[in-house]
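The values are calculated or read from the model by the stated rules, or taken from the named source; none is laboratory data. The structure displayed is predicted, hence computed values, not measured ones. When we count neighbours, we look across all protein chains shown, and the Cβ atoms used for this are built from the backbone with ideal geometry, even at glycine.
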Amino acid sequence: MPDPGKAVKKNPEKQLPADVIIKMIDQILRFSSGEMSVTEQAELNSSMPDWHENYWAHFPEKIRGLITLYLKGKIDSSTCWDEIEKELYGE
């Protein structure tokens, strides 16, 4: 649940709050890099069988590009997250 005291910019494409998008990105990155536990994978698969495709569809195009660059080793984690936060929060 979003923190009511924290201003969040919503994703205009799918209207998800930025903090929800960040959690989804974290899960995608951990899954893609093999760092997600088997238990968490099973829970996600149980609640939403195609969760990674559904998540990807909710990400703005720029964020998809940043994730792709990170997973291909073109940018580091810090740069990836800094740029994601700028995109979501306008900072």
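For the reader, a short list of remarks on this structure follows.
- Number of positions in the range 1-17 that are modelled with pLDDT under 90 and farther than 14 Å from Ala57 by Cβ: 11
- Residues in the range 23-37 that are surrounded by 15 or more Cβ atoms within 10 Å (Cβ to Cβ) and over 11 Å from Tyr55 (Cα atoms): Leu29, Phe31, Met36.
- Taking the criterion of being within 19 Å of Ser78 (Cα to Cα) and part of a helix (DSSP H, G or I), the residues of the range 21-50 that qualify are Ile21, Ile22, Lys23, Met24, Ile25, Asp26, Gln27, Ile28, Leu29, Arg30, Phe31, Ser32.
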